[in-house]
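Written out below as structure tokens is the structure these notes cover.
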Amino acid sequence: MSTWANLNLQDSASPLMEQLIFFHDHALLILVMITVLVGYLMFMLFFNNYVNRFLLHGQLIEMIWTILPAIILLFIALPSLRLLYLLDEINEPSVTLKSIGHQWYWSYEYSDFNNIEFDSYMIPTNELATDGFRLLDVDNRVVLPMNSQIRILVTAADVIHSWTIPALGVKVDGTPGRLNQTNFLINRPGLFYGQCSEICGANHSFMPIVIESVPVNYFIKWISSNNS
Ligand code: CUA
């Protein structure tokens, strides 16, 4: 989860988010190099007195400064496409979780097992425990096994919502009448916080998501103690 004064991306908890961070750093590096070069060139323009009264054309330099940016863009576009298709890949998931967006809470269904389903509401500030996170903690967490491929199906019951967990690199819109799919793998135990990220009405800010990542045997224990 994000803590005070963190201006960076959150630490990744999945291989896909790791790749997203690598791509972000790569793109930022190219951006910095371009900014420094152009900045230097513009700055230096103020300090030169060279005037070429007979300059009419410069075929070579125009060729260079047209093709070079195109090549630089390729260095961003190709890794970007690679990541895009990687994010879409489904890799034999062992658990499927269905999350349904409502105004304003999420509900979850584990249809693989005992047809477990529950609602997950934000804990209001006045009911928060002293160690709780304001606007972020929920009454019923999503328990998921770590080191397993997990498929999530996202939909909504009323308006568009978005199921978003920054540390896992997951962001899927829940649209009424549609089922969207994505998958991820959590590579460590812990709590991972997320929020809805489609403006879905007055309480858009108050429908957070909490994932409790646990070892597989704990997950089996949890799922079999939950006969709803
Ligand atoms: Cu649901 Cu914003």
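The values are calculated or read from the model by the stated rules, or taken from the named source; none is laboratory data. Bear in mind that the values here come from a model prediction, so they are computed numbers and not experimental data. Cβ: placed from backbone, ideal geometry, glycine included. Neighbour counts: every protein chain shown.
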Next item on the list: Working only within segment 206-226, note down all residues that are assigned to a loop (DSSP other than H, G, I, E, B) and either modelled with pLDDT of 95 or more or within 26 Å of residue 195 (Cβ to Cβ) (or both).
Entry: 207, 208, 215, 226
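Yes/no matrix, rows are residues, columns are (1) of a type outside the set (A, V, I, L, M, F, W, C); (2) at pLDDT 95 or above:
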residue: 27; (1), (2): no, yes
residue: 34; (1), (2): no, yes
residue: 41; (1), (2): no, no
residue: 50; (1), (2): yes, no
residue: 64; (1), (2): no, yes
residue: 70; (1), (2): no, yes
residue: 74; (1), (2): no, yes
residue: 103; (1), (2): yes, no
Checklist line | Selection count where residues are β-branched (Val, Ile, Thr) and either within 18 Å of residue 91 (Cβ to Cβ) or away from the ligand (no atom under 12 Å from the Cβ) (or both), scope segment 183-201 | finding: 1
Next item on the list: Return the total of residues in segment 1-49 being under 30 Å from residue 186 (Cα atoms), outside any helix (DSSP H, G or I) and free of Cβ contacts under 8 Å to residues at least 60 places away in the same chain.
Entry: 6
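Take the residues in segment 183-194 that are in contact (Cβ under 8 Å) with a residue 60 or more places away in the chain and assigned to a strand (DSSP E or B); name whichever of them is farthest from the chain's Cα centre (by Cα).
Residues of segment 183-194 that are in contact (Cβ under 8 Å) with a residue 60 or more places away in the chain, as a first pass: 183-188, 190-193.
Keeping just the survivors that are assigned to a strand (DSSP E or B) gives 183-185, 190-193.
Numbers: 183: 12, 184: 11, 185: 13, 190: 17, 191: 16, 192: 12, 193: 11 Å.
Looking at the filtered set, the residue picked out is 190.
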Notebook entry, point to check: Within segment 157-182, restricting attention to residues that are crowded, with 21+ Cβ neighbours inside 10 Å and assigned to a strand (DSSP E or B), which residue is nearest to the ligand (Cβ to nearest atom)?
Noted result: 161
Margin query: Kindly evaluate residue 111 against the criterion of being at pLDDT 95 or above, among the hydroxyl-bearing types (Ser, Thr, Tyr) and in the same structural domain as residue 197 (by the TED database).
Written below: no
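Restricting to segment 202-228, name every residue that is more than 16 Å from the ligand (Cβ to nearest atom) and of a type outside the set (S, T, N, Q). Show your work before the answer.
Initial filter on segment 202-228 (more than 16 Å from the ligand (Cβ to nearest atom)): 211-228.
If the condition is that a residue be more than 16 Å from the ligand (Cβ to nearest atom) and of a type outside the set (S, T, N, Q), then 211, 212, 214, 215, 216, 218, 219, 220, 221, 222, 223 are the ones that fit.
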